[in-house]
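One structure is given here, and the rest of the page talks about it.
Laboratory data are not the source of any read-out in this text; all were calculated from the coordinates shown. Since the structure is predicted, the reported quantities are computational estimates derived from the model, not experimental observations. Because the Cβ atoms are built from the backbone with ideal geometry, glycine has one as well, and the counts that use them run over all protein chains shown.
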Amino acid sequence: MVTLLAIESSCDETAASVCRDGIILSNIVSTQKIHEKYGGVVPELASRAHLQAIIPVVNEAVIAAGVELKDIDAFAFTQSPGLIGALLVGTEFAKSLALAFDKPLIAVHHMQAHVLANLIQSQSGETRIPSFPFLCLTVSGGHTQIVLCESPLQQKIIGQTLDDAAGEAFDKSAKILGLPYPGGPLIDKYAKQGIVKYTFPEPRIPGLNFSFSGLKTAFLYFTRDEKIKNEHFVEENLADICASIQSRIVSILLNKLKMASEQTGITEICIAGGVSANSGLRSSFEQMGKKEGWNTYIPKFEYCTDNAAMIAITAYYKYLDSRFEDYSVVPSARTA
Ligand code: KG4
Ligand code: ZN
């Protein structure tokens, strides 16, 4: 029996999770509210908020799992990528626990973990999980990737964004509409009440790579021009504008995913990352899967946005492979 405690602190969520033999026993996430009024995550404030939240969040995860710290066999943390000050908090906290309890330390890559959220089983073991090899469209606030996953720890990026991430495309569009940060969930909410009425360009990027910066500019000019004609254009048409921009972001993502499946011949297909919480993406993905004959997988909602359960499941596979760190390990802001 292997019991692990994992900590996630790469951006604006302080999270901790306990997993036993690959089954998640607890998944606690504290989202930092402080950034809302700044229209984006302020790194310095994120580090401070992690310092304030980390002890209560870890305590809660341990209590909710019905274990004690002395029962933990290894301590895991998000090493990269992310905000360096934020990552340092989780890294040093995990190191201190490993030192205090004389247990191994496991470093986890946040993007790899988003992909492996698809391997999280429910306690009853009835969750369908993908078989290898599978493709995963990982869409978050900082990344947009198509990953070919051959085994839990063998992941290859076969396509990625050349500029903005899909989450940024959502958040920046929301900002143009005057919505608060993070705007992705709000666009999702309003889109449900609207219809696709406005068309935005689909970028012509060769291969499996993405680009969202042209779409952002087109959206900016579109709203500016419409507001010149009618200053209340955004308020009066918010739902339709949201449905239209969401539909274009989703089609850009899914067209490349389809191309990736055709190129690789792989039909086990997953999505992951914060943007995979988007209801438009989820339903269009399922529809495309039916049409193309894919087996589709989407993590449970709470495992899509940043969480520590995905760090715990990745740490579990690293534990099985004895991939441990010594105390000199440092976090890295970059993806490498
Ligand atoms: O994976 P994540 O929680 O954090 C990062 O690693 O970046 O992703 C955050 C991103 C944000 O851009 C947020 O707006 C977006 O995911 N997001 C959504 C939805 N929920 C979160 N975007 C569209 N629709 C949603 N429902
Ligand atoms: Zn993330």
* Provide, in order from the shortest bin, the percent of all Cα-Cα pairs of region 134-299 in each 10 Å bin, continuing until the bin that contains the maximum pair distance. => 10, 41, 33, 13, 3, 0
* Structure fact -> Here Rg/Rh (Cα, Kirkwood) for region 1-62 equals 1.07
* Structure fact -> Residues other than Glu268 with Cβ under 13 Å of its Cβ, Lys/Arg counted +1 and Asp/Glu -1, net out at -1
* In vacuum, with every alpha carbon of the chain counted as one equal point scatterer, what does the Debye formula give for log10 I(q)/I(0) at q = 0.06 Å⁻¹? Two decimals, please. => -0.21
* Asked: In region 29-98, what trypsin sites (Lys or Arg not before Pro) fall in a loop by DSSP, with at most 13 other Cβ atoms inside 10 Å?
  -> Lys33
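Loop-only chymotrypsin sites (Phe, Trp or Tyr not before Pro) in region 241-336, please: DSSP not H, G, I, E or B, and at most 11 other Cβ atoms within 10 Å. Walk me through the intermediate numbers first.
Working: sites: Phe285, Trp294, Tyr297, Phe301, Tyr303, Tyr316, Tyr317, Tyr319, Phe324, Tyr327; in loops: Trp294, Phe324, Tyr327.
Answer by residue number: Tyr327.
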* Structure fact -> Listed by chain and number, the aspartates and glutamates with an alpha carbon less than 20 angstrom from that of Lys258, same-chain partners under 8 positions apart left out, are Glu150, Glu202, Glu268, Glu286, Glu292
* Nearest-ten-degree value, helix 84-101 long axis tilted from longest Cα axis of the chain -> 20 degrees
* Could you grab the relative contact order for the chain? Cα pairs under 8 Å, six or more apart, rounded to a whole percent. => 25 percent
* To do: Using only alpha carbon positions, build the gyration tensor of region 212-336, then give the equivalent ellipsoid semi-axes as the square roots of 5 times its eigenvalues, largest first, whole angstrom.
  => 36, 22, 14
* For the chain, Cys with no neighbouring Cys Cβ under 4.7 Å -> Cys11, Cys19, Cys149, Cys242, Cys304
* Between 0 and 90°, nearest 10: helix 166-176 axis offset from the chain longest Cα axis -> 50 degrees
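Which translational diffusion coefficient, to the nearest whole µm²/s, is obtained for region 128-220 from the Stokes-Einstein equation, given a Kirkwood hydrodynamic radius over C-alpha pairs, 4 °C and 1.567 mPa s? Before the final figure, lay out each step's value.
Working: Rh = 14.8 Å.
Answer from the Stokes-Einstein relation: 87 µm²/s.
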* Asked: On a 0 to 90 degree scale, rounded to 10, what angle separates helix 43-65 from the longest Cα axis of the chain?
  -> 60 degrees
